[in-house]
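Working notes, beginning with the structure itself.
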Amino acid sequence: MSDRPANSTPPAAQSLFDLGMPSAEGEHSPALAEGQRIARVQIETAAALELDYVIPEKLERHIGIGTRVMVPLQNQRVAAVVIELLESSSYNARLKEIASLVGTRPMFTPGLLKLAHWISDYYVVPVNRVLRTMLPQAVREKPETFLTDSHLKLAKEPPPDIFEKMHANAPMQARILEKLRSNGGEATLSELRRELPRATAIIKPLLKAGWITRSEVRVERDPFQTEEFLPSQPLTLTEEQQVAYVAVMKAIHREAGTAASVGESVEAGKIAAIAGQAERSTSEQRPPSTLLLHGVTGSGKTEVYLQAIAQVLDMGKTALVLVPEISLTPQTIERFKARFSEKSDAIAVLHSHLSDGERHDEWFKVHEGRAKIVIGARSAIFAPLENMGLIIVDEEHEPSYKQEDAPRYHARDVAVVRGRIEHCAVLLGSATPSLESFQNATLGKYELLNMTRRTDGKSMPLIRIVDMRLERRKGTEVSFTNTGILSQRLRMAIQDRLTKKEQTILFLNRRGFNTSLSCVACGETVQCQECAIPMTLHKKDNRLVCHICGARRVPPSKCPSCKEPGLKYAGFGTERVEQAVREVFPQARMARVDTDTMQRKNQLRDTLKDFRAQKLDILIGTQMIAKGLDFPNVTLVGVLNADTALNIPDFRAAERTFQLLVQVAGRSGRGEVKGEVFVQTHAPHSPAIQFSRHTDYDGYALQELEHRLAFKYPPYTHVVLVSARGKHETQAEFTLQTLYKRLEQGLPAGTIMGEPTPASLAKAHGQHRFQLLLRSEKIRVLCAHIKRVVDGLTVPADIYVSWDVDPMNVG
Ligand SMILES: Nc1ncnc2c1ncn2[C@@H]1O[C@H](COP(=O)(O)OP(=O)(O)OP(=O)(O)O)[C@@H](O)[C@H]1O
Ligand SMILES: [Zn+2]
């Protein structure tokens, strides 16, 4: 066989911020020899398989680093990515030729290829897996399949007698000519078909006779085609905004300065050499160009982003904005489209709610260099932008930036690394920074920017803690039923807002009606058979639903285990809340926003529009409404149960609770009237709740950091979560036990390894789950050890072993 397996490079001990990627042996001259040229490719379907192929002469002009190609491999044709161009191969036998190209231009920029290697190395995942993740499926599978339309033009006017004949014998043809004439001599086929459904057939004789001509034009599937954006003007920055803005601009210029010599001379043949140069310069020490913008809710972080981006565009550079999927609301996109309305075509939006076609077209808009601003969720960090000036990660603390399946990357951390590779500034923004980022700022790795006040002298909302234990004792929680949904204080506050025609948001992070159904006689809870969790009642459909796997069943009338009839529902979700609120305030106009009610396309957008237009008094919702919304008339926020997040068995439970409360509270009082927030809890004295009451981030962070230090949790260590799962409980457990014993041998010094335990979600999708938590300051060393042990372990066929570096969920 003429293919050569590559040398695999063991992951070196590095921190997140040491760049460096495995390089193939030796340096390669940039000036490629005449004649034979060789491409080293990464096979897309096989882990770590790097092979050399000859570039056939006819493809020579089209192949560069990052080009996707089809190559022969074991009697098959497989997709691969060119990762290097070589003069000669270290394998001496006759090499096979590249068969064909996929797409007309390289799909991976040199920067993205470097990033892929970094991710592969840091998260210990095969690079081919990363490369696959970097391209949206529609782009990977059907690249450059654009929609086209026929553009028809009137070529010459038929003389009047012919035209008259046409009217008599072929009136449809005549109509088409008339239509073209009245339309300035041209129209698209789809326009004509709207009036004449058979237009495709009717134009044929016209084309043949030469009266009209036809050419194919590309039609973009634009998700915002029907939207209009009212232009917005930059606001005069507040003093705090100004300080932050200047710091960001300094970082942008500092990075642009270093990048200039690298970015400009990139052309096909020289890319390899330049990639090498870029690598050298990144390893030099430079001041931090990652900035952490800690700005309280409503302090105007978005305005700082917008003005910085405007400058980046003026410098001829591009910008990437990451937003958590959930806050990628129409309002967010609107704010960007409105500010850059003259260049609104230069904005590409990438997120999971686009159709495949839309995503394909938006991606190519970036790839072809037409998009200068990309806004998107987690995976947009891989947008093929070049010449980047700034990467923004909004709400950088959001756990949804972490991908839950391989490659399990954290988009914020990947953004920081991409910034280094692309020589651009990185701006992380949040009202409640993650402790990791706060610590990096404290250590001087990031530059810290503070915005402590809301704009226009608006004050932070008043936060009131409602002790639901007391309410229960007093019997004052909702009088109509004993459900504990609305405390009397919250109820009075809602009544007050209804009277004043101000708006209310009620927040509860649980869908459904009742969250459990259990037997009074034996105490058994009705659980999903595939997942070890109670099923939730969805009353509208009268079904019990599993929120993990989606399984549905008709609620049983007798206990499935003891066959007694006394079944009792407990716990409440948003559906139940809606019913309760409607009972108490029958006159109020309200909407519920969760994944059950927001199924129709544009439904969320329309509901939020109605709320903004004050056609609704109360919005009830899950985390879909917790973040980023800016409605000036909202003066009351009710957090119905602050304890759901607190009770998660995760070392970040308190941090999550604090962040959630501050964020939700931040939706209140953004207009002229001061806001008020009611937080209903059974744990009023927990630090997360007490500190959030005064939006005391620093106070909270300091005490939490003390705690993390004492127990050696992040940011003082890195965590790796090793899991084994499978249909057979004992096999899964045994596998993890074995793994545990092997990991113990030669465990790197300073590693803390827990005991193998069932995961808190002990069964999901029919699979039993066991896990093992390891912590170390030296993540690379620990990962190398884990990889060695796992690679040397024979695992039963239906048991899956995986590991997650820097996991965001350890439950
Ligand atoms: N310099 C300014 N002058 C006047 N109003 C401003 C200024 N900057 C921002 N605003 C307004 O203040 C409000 C809050 O700004 P923005 O939504 O950007 O805050 P934020 O910090 O992103 O908040 P959050 O973290 O809560 O999403 C917006 O309505 C915005 O238009
Ligand atoms: Zn289930």
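The values are calculated or read from the model by the stated rules, or taken from the named source; none is laboratory data. Since the model is a prediction, treat every value here as computed from it, not as a measurement. Glycine also receives a Cβ, built like all others from the backbone with ideal geometry; neighbour counts cover every protein chain displayed. These area figures cover heavy atoms from the full protein model, side chains too; ligands, DNA and RNA do not enter into them. Shrake-Rupley method; radii C 1.70, N 1.55, O 1.52, S 1.80 Å.
One table, with the values for the structure above:
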quantity: Selected residue (criterion: farthest from ligand 2 (Cβ to nearest atom)) from residues of the stretch 545-580 that are under 13 Å from Val526 (Cα atoms) and hydrophobic (A, V, I, L, M, F, W, C); calculated: Cys562
quantity: Scope the stretch 394-410; condition in contact with a Phe, Trp or Tyr (Cβ under 9 Å, 6 or more places away or on another chain) and either open to solvent by 30 Å² or more (accessible area, probe 1.4 Å) or of a type in the set (Gly, Ala, Ser) (or both); matching residues; calculated: Ala406, Arg408
quantity: Residues (within 14 Å of Val639 (Cβ to Cβ) and open to solvent by less than 10 Å² (accessible area, probe 1.4 Å)) located in the stretch 668-677; calculated: Ser668, Gly675, Val677
quantity: Conditions (1) open to solvent by less than 40 Å² (accessible area, probe 1.4 Å); (2) in contact with a strand residue (DSSP E or B) (Cβ under 9 Å, 6 or more places away or on another chain); (3) at pLDDT 90 or above; number of the one not met by Leu306; calculated: (2)
quantity: Enumeration of residues in the stretch 691-705 that are part of a helix (DSSP H, G or I) and either surrounded by fewer than 17 Cβ atoms within 10 Å (Cβ to Cβ) or of a type in the set (Phe, Trp, Tyr) (or both); calculated: Phe691, Tyr697, Asp698, Gly699, Tyr700, Leu702, Gln703
quantity: Residue check for Thr757: crowded, with 16+ Cβ neighbours inside 10 Å, of a type in the set (Val, Ile, Thr) and out of contact with any Gly (no Cβ under 6 Å at 6 or more places or on another chain); calculated: no
quantity: The stretch 507-527, residues that are free of Cβ contacts under 8 Å to residues at least 60 places away in the same chain, assigned to a loop (DSSP other than H, G, I, E, B) and within 16 Å of ligand 2 (Cβ to nearest atom); calculated: Thr515, Val526
quantity: Looking only at the stretch 420-442, and only at residues there that are charged (D, E, K, R) and more than 23 Å from Phe691 (Cα to Cα), the one that is surrounded by the fewest Cβ atoms within 10 Å (Cβ to Cβ); calculated: Arg420
quantity: Any hit, the stretch 640-662, residues being part of a strand (DSSP E or B) and open to solvent by less than 10 Å² (accessible area, probe 1.4 Å); calculated: no
quantity: Checklist (1) open to solvent by 30 Å² or more (accessible area, probe 1.4 Å); (2) closer than 21 Å to Glu530 by Cα applied to Val584, failing item; calculated: (2)
quantity: Tally of residues being modelled with pLDDT of 90 or more and small (Gly, Ala, Ser) across the stretch 35-69; calculated: 2
quantity: Flag for Arg708 being outside any loop (DSSP other than H, G, I, E, B), among the charged types (D, E, K, R) and open to solvent by less than 60 Å² (accessible area, probe 1.4 Å); calculated: yes
quantity: Scan of the stretch 446-470 for residues that are away from ligand 1 (no atom under 16 Å from the Cβ), modelled with pLDDT under 95 and open to solvent by 20 Å² or more (accessible area, probe 1.4 Å), ordered by number; calculated: Leu462, Arg464, Ile465, Asp467, Arg469, Leu470
quantity: Selection count, the stretch 551-578, where residues are without any contact (Cβ under 8 Å) to a residue 40 or more places away in the chain and either open to solvent by 40 Å² or more (accessible area, probe 1.4 Å) or in the same structural domain as Asn641 (by TED's automatic domain parsing) (or both); calculated: 8
quantity: Cβ-Cβ under 6 Å pairs, at least 6 apart or on other chains, the stretch 294-309 side on the phi < 0 side of the Ramachandran plot and outside any loop (DSSP other than H, G, I, E, B), far side near ligand 1 (Cβ under 7 Å from one of its atoms) and among the charged types (D, E, K, R); calculated: Gly295/Lys301
quantity: The listed residue being in a helix (DSSP H, G or I) and either buried (at least 20 other Cβ atoms within 10 Å of the Cβ) or charged (D, E, K, R) (or both), out of Leu619, Leu608; calculated: Leu608
quantity: Every residue from the stretch 187-213 that is at pLDDT 85 or above, open to solvent by 20 Å² or more (accessible area, probe 1.4 Å), outside any loop (DSSP other than H, G, I, E, B) and not hydroxyl-bearing (Ser, Thr, Tyr); calculated: Ala201, Lys204, Pro205, Leu207, Lys208
quantity: Of residues in the stretch 340-361 being more than 17 Å from Pro384 (Cα to Cα) and open to solvent by less than 40 Å² (accessible area, probe 1.4 Å), the one farthest from the chain's Cα centre (by Cα); calculated: Ser341
quantity: Thr794 vs. criteria over 31 Å from the mean Cα position of the chain (by Cα), away from ligand 1 (no atom under 16 Å from the Cβ) and assigned to a helix (DSSP H, G or I); calculated: no
quantity: Residue within the stretch 104-127 that is in the same structural domain as Val69 (by TED's automatic domain parsing) and part of a strand (DSSP E or B) present; calculated: no
quantity: Single unsatisfied condition, Val637 versus (1) of a type outside the set (Ser, Thr, Tyr); (2) out of contact with any helix residue (DSSP H, G or I) (no Cβ under 8 Å at 6 or more places or on another chain); (3) not in a loop (DSSP other than H, G, I, E, B); calculated: (2)
quantity: Any hit, the stretch 679-689, residues being assigned to a loop (DSSP other than H, G, I, E, B) and outside the structural domain of Arg612 (by TED's automatic domain parsing); calculated: no
quantity: Number of positions in the stretch 528-544 that are more than 11 Å from Thr515 (Cα to Cα) and either near ligand 2 (Cβ under 9 Å from one of its atoms) or open to solvent by less than 40 Å² (accessible area, probe 1.4 Å) (or both); calculated: 5
quantity: Every residue from the stretch 797-811 that is more than 27 Å from the chain's Cα centre (by Cα) and open to solvent by less than 20 Å² (accessible area, probe 1.4 Å); calculated: Ile799
quantity: Any hit, the stretch 705-712, residues being touching a Gly at 6+ places or on another chain (Cβ under 6 Å), in contact (Cβ under 8 Å) with a residue 60 or more places away in the chain and on the phi < 0 side of the Ramachandran plot; calculated: no
quantity: Output for the stretch 711-749, where each listed residue is open to solvent by 60 Å² or more (accessible area, probe 1.4 Å) and hydroxyl-bearing (Ser, Thr, Tyr); calculated: Tyr716, Thr730
